[in-house]
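No lab work stands behind these numbers, since they all come straight from the coordinates. This structure is a prediction, so every number in the text was calculated from the model and none was measured. So basically every Cβ, Gly included, is an ideal-geometry build from the backbone, and we count neighbours across all protein chains shown.
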Amino acid sequence: MYYFLIPLILGFASNLASAFTTAYSNKWGMKTGTVITFLLRNIFGIPVWAVGFVMAVNQSEELLFRLSGAGRIIGWIIIAAGAVIIIIALFSIRTKAAAPAIGNELVCTGIYSLIRHPIHSGTMLEFIAIFILRPSVYVGIACITGFLWIYLQSRFEERDLFLRIPGYRDYMKQVPRFIPIIKFMSR
């Protein structure tokens, strides 16, 4: 029934390793700290929470609402938008995404000039789309859990980023966390 929560929460907890890069590096050395972060987050965390989502989607349960053809199209457009945001962000920060380390340079150009956590923003769009495409109680619970995890993950990561990336605190004051602020030009 709610068994999907086990891999979902274990995966999210393991994914949180990136928020402890500095602590791991201080305790076991920079190279080992980076490897630990990489393994916990990318090899265990992300695949395990993804399994939890797949389990939630595959639960046989009555849907909360019927989805029209337009609803399906909207859902897939949102999935595509989330994927594009994630891909652009990953190209912008390259290996820093998979293997964060002490002394990483601050990336504040491109998509990172608009939002501090574009990978998380893209992932939230993916969660919304999954719920639109499979509107069940189980998927809703998985998505809410995912939103809570992203919020907590970003808060913990930012504490770590203060310690390992010079200028991050000032960057936070200028750039919103998840949703870009649209400024209209006035004459």
Mind checking the dipole of segment 44-187: about its Cα centre, +1 per Lys or Arg Cβ, -1 per Asp or Glu Cβ, Debye to the nearest 20? 460 debye
Take the Cβ-Cβ distance between R169 and F147 as r, set R0 to 35 Å, and report the resulting FRET efficiency rounded to the nearest 0.05. 0.90
Per residue of segment 131-139, in order, report the coupling 6.51 cos²θ - 1.76 cosθ + 1.60 (Karplus, θ = phi - 60°) as ³J(HN,Hα) in whole Hz, putting x for Gly and Pro. 5, 4, 6, 9, x, 10, 4, 4, 5
If r is the Cβ-Cβ distance from V35 to F156 and R0 is 22 Å, what FRET efficiency results, to the nearest 0.05? 0.65
5 Å binning of all Cα-Cα separations within segment 1-124, expressed as whole percents from 0 upward: 2, 10, 14, 17, 19, 16, 10, 7, 3, 2, 0
What percent do you get for the relative contact order of the chain when only Cα pairs under 8 Å and 6+ apart count? 28 percent
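Given the rule -39500 (n - 2.57) for each run of at least 4 DSSP H residues, summed and divided by the residues of the chain, what is its mean residue ellipticity at 222 nm, to the nearest 500 deg cm²/dmol?
Helices in the chain give a 222 nm mean residue ellipticity of -20500 deg cm²/dmol.
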Rounded if a/c is under 1.5, else prolate if a/b beats b/c, else oblate: with a ≥ b ≥ c from the C-alpha gyration tensor eigenvalues square-rooted, which is segment 69-187? prolate
Residue-wise HN-Hα coupling along segment 115-130, computed from phi with Karplus coefficients 6.51, -1.76, 1.60 (Hz; x: Gly, Pro): 9, 6, 10, x, 5, 5, 4, x, 5, 4, 4, 4, 4, 4, 5, 4
With the contact rule set at Cα under 8 Å and sequence spacing of 6 or more, what percent relative contact order holds for segment 1-57? 50 percent
May I ask you to evaluate 6.51 cos²θ - 1.76 cosθ + 1.60, the Karplus curve with θ = phi - 60°, for each residue of segment 145-159 and list the ³J(HN,Hα) values in order in whole Hz, giving x for glycine and proline? 4, x, 4, 4, 4, 4, 4, 5, 4, 5, 5, 5, 4, 5, 4
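Once a ≥ b ≥ c are taken as the square roots of the eigenvalues of the Cα gyration tensor of segment 74-134, is the result rounded (a/c under 1.5), prolate (a/b larger than b/c) or oblate (a/b not larger than b/c)?
Prolate shape, in that a/c is at least 1.5 and a/b is the bigger ratio.
Could you please report the charge total around M1, scoring K, R as +1 and D, E as -1 over all other residues with beta-carbon less than 15 angstrom from its beta-carbon?
-2
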Report the one residue of L5, N104, L16 whose Cα lies farthest in the direction of the positive end of the charge dipole of the chain (charges on C-beta: Lys and Arg +1, Asp and Glu -1; origin at the Cα centre). N104
L114 paired with Y2, simple spin-label distance in nm, labels 7 Å along Cα-to-beta-carbon: 3.8 nm
Given points 7 Å out from each Cα along the Cα-Cβ axis, report the F178 to W28 separation in nanometres with one decimal. 3.1 nm
